[in-house]
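The next block holds one structure in the form of structure tokens; read it before the comments.
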Amino acid sequence: MERKGKFITFEGCDGCGKSTQLRKLSNYLTKNGVPHIFTREPGGGKISEAIREILLNGKNSEMTDECEALLYSASRVQHLHDRVQPALDEGKLVVCDRYFHSSFAYQAFARGLGMDFISKINSYAIEHYTPDVTIFIDLSPTEAFARKKGADENDRLEQAGMDFHNRVYEGYLTLAKTDKCVEVVNGRQTPDEIFADVLAILKKRNCL
Ligand code: TYD
């Protein structure tokens with residue numbers, strides 16, 4: 001599908017340093033006058049943010065894995081409609097904090113729902129809105145949680161346990177090998193070094 005704007009997504013385990021990189025990119029794009037929007041998943045709009053609250057609320061511990069996966073994809077479809085498509089139509093650069101690779105890593109691999117099920121329920125998003133590039137910040141959950149001094153006790157996903165987060169990480173490593181839209185950045189570097197790699201990738205992929 002012909003698109004006027006570019007669509008880039010950021011991925012990684014909880015606590016991998018994505019937020020710092022997104023802040024740096026925001027400053028860079030503003031300074032350089034690049035028309036853009038920043039958005040995030042789950043969320044990025046009234047309905048998607050309401051779904052986010054259900055998904056991440058630590059009190060919703062009885063949620064089934066299938067319900068979780070379907071809510072992430074429901075939130076995705078609404079978010080694409082509300083925020084991503086309009087900005088792409090205006091020729092803006094869309095920067096999204098997490099996208100369907102998170103559903104593959106967290107729901108397909110870590111929850112064990114499998115790629116087939118997750119591909120099926122995401123087929124609308126995946127077909128029409130493949131990112132121009134996905135930047136995966138490669139930092140293991142052990143290193144990530146050590147850095148942020150433990151998981152957030154109010155966040156349902158962060159509370160899922162180390163085995164779960166290690167499976168998320170393995171899922172990402174598999175995706176990085178198999179999906180050519182994924183570019184890997186070494187998350188053990190300093191924030192400035194990571195950002196230099198991010199910029200180099202975005203330039204190489206003609207997103208800047
Ligand atoms: P958030 O607080 O935004 O985490 P982070 O700052 O690490 O991105 O919470 C989003 C959580 O939702 C995170 O634990 C990953 C999870 N998630 C999925 O499990 N599947 C998905 O499809 C998406 C988009 C996110």
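Some points to look at:
- Distance (nanometres) between label positions extended 7 Å along Cα→Cβ at Arg205 and Glu153: 3.8
- Charged side chains reduced to their Cβ positions (Lys and Arg at +1, Asp and Glu at -1) give the chain a dipole of some 720 debye around its Cα centre.
- Considering only Ser119, His101, Ile37, the residue lying farthest towards the positive end of the dipole of the chain is Ile37, judged by Cα position with unit charges set on Cβ.
- Projecting the Cα atoms of Leu157, Ala50, Gln189 onto the dipole axis of the chain, where Lys and Arg carry +1 and Asp and Glu carry -1 at the beta carbon, places Gln189 farthest toward the positive end.
- Hypothetical label at Glu90: residues of segment 22-56 whose amide nitrogen lies under 18 Å (7 Å Cα-Cβ projection): 26-27, 29-40, 44-46
- Assigned charges on the beta-carbon of Lys, Arg, Asp, Glu; segment 1-114 dipole about Cα centre (debye): 580
- For the chain, radius of gyration divided by Kirkwood radius, i.e. Rg to Rh on alpha-carbons: 0.94
- Take every DSSP beta bridge whose two residues both sit in the chain; close to 5 percent of them are antiparallel.
- Residue-count net charge about Leu113 - beta-carbon cut-off 14 Å; Lys, Arg +1, Asp, Glu -1: -1
- Per DSSP, loop trypsin sites (Lys or Arg not before Pro) in segment 16-117 with at most 10 further Cβ within 10 Å: Lys59
- FRET efficiency for Met115 and Met162, using Cβ-Cβ distance with R0 set to 25 Å, rounded to 0.05: 0.60
- Net length gained if the chain between Lys59 and Arg188 were fully extended (0.36 nm per residue, minus Cα distance): 43.1 nm
- GluC sites (Glu not before Pro) lying in DSSP loop within segment 63-166, provided at most 15 other Cβ fall within 10 Å: Glu90, Glu153
- Among the trypsin sites (Lys or Arg not before Pro) in segment 123-208, those placed in a DSSP loop whose Cβ has at most 10 other Cβ atoms within 10 Å are Lys149, Lys180.
- Likely footprinting exposure, His36, His165, His128, fewest C-beta neighbours within 10 Å first: His128, His36, His165
- When you work out D = kT/(6 pi eta Rh) for segment 38-105 at 4 °C and 1.567 mPa s, using the Kirkwood radius from C-alpha pairs as Rh and the Stokes-Einstein form, the result is 105 µm²/s.
Any read-out appearing in this document is the output of simple, stated calculations on the displayed coordinates, not a laboratory observation. Values in this document were obtained by computation on a predicted structure and should not be read as measured data. Heads up, the Cβs are rebuilt from the backbone with ideal geometry, glycines too, and the neighbour counts pull from every protein chain shown.
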